[in-house]
Amino acid sequence: MNLHIITIAREYGSGGRIIAQKVAEKLGIVYYDNEIIDLAAKELGIDVDTIRKASEEKTSSFMYTMSSSAFTLPLNDQVFAMQSKIIRHIAKHDTCIIVNGCADYILEDYDDVLTVFIHAPFDSRVKRVKEDYQEEHDDYEKFVARKDKARSHYYNYYTTKKWGQLTNFDLTINSDVGLDEVADIIVQLYQLKEK
């Protein structure tokens, strides 16, 4: 198998984005995250902040009723379709890491992909959001739980799989092992599968 794509999905606060950046640096490959959302925004001709908000939410039936016609999908669906198109394009032309909650599903028909899910105990994630991410919130526990719930709903809505299910991924790993250690494990698995 000649791997050239790593997809990383993660629980909020698990350090998945930081781990992905470390892996990209160690392997000398490109890293995509919000860049995919920005490309989707540019393609749709819509404000980046509007697209980022839409990319985290599933379409509601109310939104569909209000915005749909025979030729127009709701914004959330347009964003998902555009992100899917961009992710597939990147996968055909680049060796890279893609941090996107649905990339494992979008690229499930590709043979040269290593899919990873990064998780951590809830308390560890809350602590990381509070101390490392330096985000200001009244209730960190509720904030982290809400972010996970939104990711879960989004993934479950747009895919035929269940968010965080072990069988969706080649590797699921607890980031409490250490961010550098997890990055090293992913690099080793990538290199092993590449041979």
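The values are calculated or read from the model by the stated rules, or taken from the named source; none is laboratory data. None of these values were measured; they are calculated from a predicted model. Here the Cβ positions follow ideal geometry from the backbone for every residue, glycine too, while neighbour counts run over all protein chains shown. To get the accessible areas, we keep the full protein, side chains included, count just its heavy atoms, and leave off ligands, DNA and RNA. Shrake-Rupley method; radii C 1.70, N 1.55, O 1.52, S 1.80 Å.
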**OP:** May I have the extent of the alpha carbons of region 64-174 along their three principal axes, as whole Å values ordered from largest to smallest?
**Re:** 44, 40, 24
Original post:
Expressed in nm to one decimal, what extension gain is obtained for the pair residue 43 and residue 108 from 0.36 nm per residue of sequence separation less their Cα-Cα distance?
Top reply: 21.0 nm
Original post:
What is the spin-label model distance, in nm, from residue 161 to residue 34 if the labels are put 7 Å beyond Cα along the C-beta direction?
Top reply: 2.6 nm
Subject >> Residue-count net charge about residue 145 - beta-carbon cut-off 10 Å; Lys, Arg +1, Asp, Glu -1 >> reply: +2
Original post:
Which value, in Å² rounded to 10, gives the accessible area of residue 35 with a 1.4 Å probe and all protein chains present?
Top reply: 80 Å²
Original post:
Which far-off residues, 5 or more places away or on another chain, put their amide H under 5 Å from the one on residue 31, with H placed in the peptide plane?
Top reply: 97
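Using a 1.4 Å probe on the protein heavy atoms, what percent of the accessible area of region 67-149 belongs to carbon and sulfur? Walk me through the intermediate numbers first.
Numbers: 2060 of 4380 Å².
Accessible surface attributable to carbon and sulfur in region 67-149 totals 47 percent.
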**OP:** Return the Cα extents of region 131-195 along principal axes one, two and three, sorted largest first, each rounded to a whole Å.
**Re:** 48, 34, 13
Subject >> Gained length - residue 81 relative to residue 149, 0.36 nm times residue gap less alpha-carbon distance >> reply: 22.3 nm
Subject >> Label point distance in nm, residue 73-residue 195, each placed 7 Å from Cα along Cα→Cβ >> reply: 4.2 nm
Original post:
What is the distance, in nm, between label points placed 7 Å from the Cα along the Cα-to-Cβ direction at residue 184 and at residue 142?
Top reply: 4.1 nm
Subject >> Cut-off 14 Å between beta-carbons: net charge of the residues surrounding residue 190, Lys and Arg +1, Asp and Glu -1 >> reply: -1
